[in-house]
1. What are the residues in segment 51-70 that are closer than 17 Å to Cys19 by Cα, open to solvent by less than 50 Å² (accessible area, probe 1.4 Å) and touching a helix residue (DSSP H, G or I) at 6+ places or on another chain (Cβ under 6 Å), if any?
2. Output the residues belonging to segment 1-20 that are at pLDDT 95 or above and of a type in the set (A, V, I, L, M, F, W, C).
3. Filter segment 30-46 down to residues that are under 24 Å from the mean Cα position of the chain (by Cα) and open to solvent by less than 90 Å² (accessible area, probe 1.4 Å), then give me how many there are.
4. Can you name the condition, by its number, that Tyr85 falls short on among (1) surrounded by 10 or more Cβ atoms within 10 Å (Cβ to Cβ); (2) over 30 Å from Trp117 (Cβ atoms)?
5. Only residues in segment 106-131 that are at pLDDT 60 or above count as the first member; pair them with residues that are surrounded by 12 or more Cβ atoms within 10 Å (Cβ to Cβ) and of a type in the set (Gly, Ala, Ser), Cβ under 6 angstrom, at least 6 apart or cross-chain, and list the lot.
Amino acid sequence: MGRPTKYKPEYAEQGKKLCLLGVKDTQIATFLEVDVATINRWKIAHPEFCESLQEGKEQADAKVAESLYHRALGCQHEDVHISNYQGKITTTPITKHYPPDTTAAIFWLKNRQTKNWSDRKSPEEGIQVIVQRDSVRIQKREDTLTINHEKVIEHES
């Protein structure tokens, strides 16, 4: 019989709140004064703990994604301008405008539409490169070109 678990049901809610703040499992382990391996065992033994952490992480990630999205498009929000003129304090409602952020837009598109926005150049569509032990085969539609490594090595000498 092993030693009793340190797990408490309230850890599920505490873990979720920590995940909403963006902490990692290692930081949760430190907060709960256990090893990260214990956190992983608790995820298996206590499904409510695992689900709670996952929910907190998903909500935190969604908030960040939403912020990045708004940053990429540009946004506006209501605010109040407070000024002091000759000892008289005035408040004026204003709308603050933030222009679109090019870096945020590129980041968003590279991650959401990698086919269209990737920096990596993929081979021409319809071409397949097959590497085998002793040859490289480049295939386009019906045509096939086979290059043997031995012949390539002979030409390099």
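The values are calculated or read from the model by the stated rules, or taken from the named source; none is laboratory data. Computed from a predicted model, the values in this text were never measured in an experiment. Methodologically, a virtual Cβ is constructed for each residue, glycine included, from the backbone with ideal geometry; neighbour enumeration extends over all protein chains shown. The protein model used for the area step is the full one, side chains on, heavy atoms only, and it has no ligands, DNA or RNA in it. Shrake-Rupley method; radii C 1.70, N 1.55, O 1.52, S 1.80 Å.
1. Matches in segment 51-70: Ser52, Leu53, Gly56, Ala60.
2. Across segment 1-20, the qualifying residues are Ala12, Leu18, Cys19, Leu20.
3. Number satisfying all stated conditions: 5.
4. (1) is the only condition that Tyr85 fails.
5. From segment 106-131, the pairs are Trp108/Ala72.
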